[in-house]
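Trainee: Okay, handing you the structure first.
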Amino acid sequence: MSKKIGLIATGGTIAGVQAPDMQSYTAGIVPIGALLSGLRFEGAEIYSTQLANIDSCDMDADLWFALVRAVDAALADMDGIVITHGTDTLEESAFLLQLLVATRKPIVLTGANRPSNALGADGLRNLYNALCIACSERAHGVLVTMNDSIFAPTDCVKATTLGADCFAAHNGALGYVQQGAVHFLRVQSHVLPHFSARSPESFARVEILFSYAHNGLGVILDALVRDGVRGVVIAGSGAGNVHFALKRALCAYQPDELTIVCASRVARSFVAPAILQAPQWIAAGYLSPFAARILLALLLGSGATHDAIARTFCQFGD
Ligand code: ASP
């Protein structure tokens, strides 16, 4: 019996259209039905839904949780799920889904670096590969695929806007797709915390502040806290270093007023607890600032204590 795959479309460059002069394009234009009509895939019955058609730089918590609920609903009777998504925030949505949806069924996110009508458009190939992965008996949980590679959401980041090789992973690719055959080099071994949150209210306000030379961001911290921000992720320089002016502003807050997690702005990096510049801060391990922000927002939204938050982050490298 052929598999049933739910295809949830959210927009992105994969659904983008390039202007006739080929100088610019708009993401999130082509409906999923039109994209699918250009693809021959006989390995499964595909049930598609157009959840949104946006440029993923505009992703927000309302759409995130609508996506989570759409995934929950599709998991009830589908064997696997494919999500088309803009690459700008694809890694964030993938990590969020990994924390919120507990399933062994494959949930595969894909996108494109080139719009649907561009020369050498990569979207249909990525979509085809994602469908192959979603049908594979060896694929489990949330995965990302682009440019014939398969990545784990915990460590995949958009690494280039040029060419089709969009994502890179700290720990390397999990596997590859070649002529429709899905090959895994290793399995996702990380045991992640799981959250049952199903509404945007469970996603606490957390913002990211970058550290860099001659840093002046300290002046906006009070405004952020007044506006309801409960946590800050620092995208530190190097292995989690923070400019003294930003550090001074952050250290004015006690952990019960503001939870501070320190990550690194460097793509391949590791922030260890031992190198933290303030004892009350929490180290993000190998999580990117963007992944750390999602984890911290869900932890604060679920009422976790400072100790519980620190213990959870420890799982990402102590
Ligand atoms: N700005 C686009 C988006 O994220 C980029 C892409 O899809 O590659 O929707």
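The values are calculated or read from the model by the stated rules, or taken from the named source; none is laboratory data. Everything quoted here is computed from the prediction, not taken from an experiment. Neighbour counts run over all protein chains shown; Cβ positions are idealised from the backbone, glycine included. The protein model used for the area step is the full one, side chains on, heavy atoms only, and it has no ligands, DNA or RNA in it. Shrake-Rupley method; radii C 1.70, N 1.55, O 1.52, S 1.80 Å.
Trainee: With every protein chain present, what is the per residue accessible area of the range 1-140 (1.4 Å probe, Å²)?
Mentor: Details: 5740 Å² over 140 residues.
Heavy-atom SASA per residue in the range 1-140 reads 41 Å².
Trainee: Length gain on complete extension for the stretch Ala278 to Ser199, per 0.36 nm per residue less the alpha carbon to alpha carbon distance? Each step should come with its number before you reach the end.
Mentor: Numbers: separation 79, 0.36 × 79 = 28.44 nm, distance 3.31 nm.
Working it through step by step, the gained length comes to 25.1 nm.
Trainee: Asp62 to Val229: FRET efficiency via 1/(1 + (r/R0)^6), r the Cβ-Cβ distance, R0 25 Å, to the nearest 0.05?
Mentor: Result of the calculation: an efficiency of 0.85.
Trainee: Over what distance in Å are the Cα centres of the range 1-61 and the range 168-230 separated?
Mentor: If we compute the Cα centre of each part, the gap is 24 Å.
Trainee: To continue, here is another question. So what J values fall out for the range 199-205 if you push phi through Karplus, 6.51 cos²θ - 1.76 cosθ + 1.60 with θ = phi - 60°, rounded to Hz, Gly and Pro as x?
Mentor: For the range 199-205, the Karplus curve yields 9, x, 5, 7, 10, 5, 6 Hz.
Trainee: Which of the three applies to the range 236-298, rounded, prolate or oblate, going by the alpha-carbon gyration tensor with a ≥ b ≥ c and a/c under 1.5 meaning rounded?
Mentor: Verdict is oblate for the range 236-298.
Trainee: I'd like the carbon and sulfur percentage of the solvent accessible area for the chain, probe radius 1.4 Å, heavy atoms only, ligands and nucleic acids excluded.
Mentor: 53
Trainee: Sticking with this structure for a sec: Tell me whether the chain comes out rounded, prolate or oblate; compute the Cα gyration tensor, take square roots of the eigenvalues as a ≥ b ≥ c, and use a/c under 1.5 as the rounded threshold.
Mentor: Judged from the Cα gyration tensor, the chain comes out prolate (a/c at least 1.5, a/b above b/c).
Trainee: Something else now. Under the rule of at least 5 residues apart or a separate chain, name every residue whose amide H is placed under 5 Å from the amide H of Ile282.
Mentor: Sorted by chain and number, the residues that satisfy this are Ile260, Val261, Cys262.
Trainee: Suppose only helical runs count, i.e. DSSP H with n ≥ 4. What mean residue ellipticity at 222 nm does that imply for the chain under -39500 (n - 2.57) per run, divided by all residues and rounded to the nearest 500 deg cm²/dmol?
Mentor: -8000 deg cm²/dmol
Trainee: To test your reading of the geometry: what angle, between 0 and 90 degrees and rounded to tens, separates the Cα axis of helix 123-135 from the longest principal axis of the chain?
Mentor: The angle comes out near 90 degrees.
Trainee: Another one. So if each residue of separation counts as 0.36 nm, and I subtract the Cα-Cα distance between Asp21 and Ala308, what length gain in nm does that give? Kindly include the intermediate steps, with their values, before the conclusion.
Mentor: Values: separation 287, 0.36 × 287 = 103.32 nm, distance 5.41 nm.
Gain in length upon complete extension: 97.9 nm.
Trainee: Sort the range 6-116 into rounded, prolate or oblate with this rule: let a ≥ b ≥ c be the square roots of the eigenvalues of the Cα gyration tensor; rounded if a/c is under 1.5, and if a/c is not under 1.5, prolate when a/b is larger than b/c, oblate otherwise.
Mentor: oblate
Trainee: Can you tell me the 0 to 90 degree angle between the C-alpha axis of helix 90-100 and the longest principal axis of the chain, rounded to 10?
Mentor: The answer is roughly 80 degrees.
Trainee: For Ile54, which sequence-distant residues (separation of 5 or more, or a different chain) have an amide H within less than 5 Å of its own amide H, given hydrogens modelled in the peptide plane?
Mentor: Those lying under 5 Å, H to H, from Ile54 are Gly11, Gly12.
Trainee: With θ taken as phi - 60° and the coefficients 6.51, -1.76 and 1.60, list the Karplus ³J(HN,Hα) couplings across the range 19-31 in order, rounded to whole Hz; mark glycine and proline as x.
Mentor: Per residue, the Karplus-derived 3J(HN,Hα) values read 5, x, 6, 6, 8, 8, 8, 10, 7, x, 10, 6, x Hz.
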